[in-house]
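One structure below.
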Amino acid sequence: MSLIAYQKKREFSRTSEPSGEIKKTNLFRFVVQKHQARNLHYDFRLEMEGVLKSWAVPKGVPEERGIKRLAVQVEDHPVDYINFSGVISKGEYGAGTVEVWDKGKWKIIEGSLGSGSLKFNLAGKKLKGEYVLVRFKEKKNWLIYKTKI
Ligand code: MN
């Protein structure tokens, strides 16, 4: 796990985003941040191994079964990012507004990110139930969908 890619993209004197550090908490939190950047998207983040594994989901994580959404994996974010909301200034990486759309706890059911298939449970306010993340051959592209209530 590394935050180098995250830190390289940002100038922390000019953004209120946390510079962050790797922090192992075993809290198994997740967050979805609605990010109104140049293009609106939703950032889905799972707390794992001291960082937030992160995906940009252009159409959002589905609340219902039967909908599959593209999730593009992005750089690991620091766990402190889980509480971040606010405005990223014009000209900075990811410029726009970030708001927490949902958050809660997650629990692994089976699989792993390394194997390209992870089944897990989400217990948030909007997102609840069993979900799957499955990786395409192109390594950054995943599908996320709900399998059970
Ligand atoms: Mn984003």
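What follows is calculated from the coordinates using simple rules that are stated; it is not laboratory data. Since we're looking at a predicted model, the values are computed, not measured. Here Cβ is always computed from backbone atoms with ideal geometry, including for glycine, and neighbour counts include all displayed protein chains.
Per the listing 44, 28, the residue uniquely in contact (Cβ under 8 Å) with a residue 40 or more places away in the chain, away from the ligand (no atom under 15 Å from the Cβ) and of a type in the set (Phe, Trp, Tyr) is 28. Of the residues making up the stretch 29-71, those that are crowded, with 20+ Cβ neighbours inside 10 Å and acidic (Asp, Glu) are 43, 47. Within the stretch 135-149, the set of residues being surrounded by fewer than 17 Cβ atoms within 10 Å (Cβ to Cβ) and touching a residue at least 12 places away in the same chain (Cβ under 8 Å) comprises 139, 140, 141, 143, 147, 148, 149. What are the residues in the stretch 83-112 that are surrounded by 16 or more Cβ atoms within 10 Å (Cβ to Cβ) and within 21 Å of residue 130 (Cα to Cα), if any? Within the stretch 83-112, 101, 102, 103, 104, 106 meet the criteria.
Scan the stretch 48-55 and give yes if some residue there is among the β-branched types (Val, Ile, Thr), within 16 Å of the ligand (Cβ to nearest atom) and farther than 17 Å from residue 132 by Cβ, otherwise no. First the steps, then the outcome.
To start, the set of residues in the stretch 48-55 that are among the β-branched types (Val, Ile, Thr) comprises 51.
After this cut, where a residue has to be within 16 Å of the ligand (Cβ to nearest atom) as well, the list is 51.
Of the ones still in play, those that are also farther than 17 Å from residue 132 by Cβ are 51.
Yes: the stretch 48-55 contains one or more residues that are among the β-branched types (Val, Ile, Thr), within 16 Å of the ligand (Cβ to nearest atom) and farther than 17 Å from residue 132 by Cβ.
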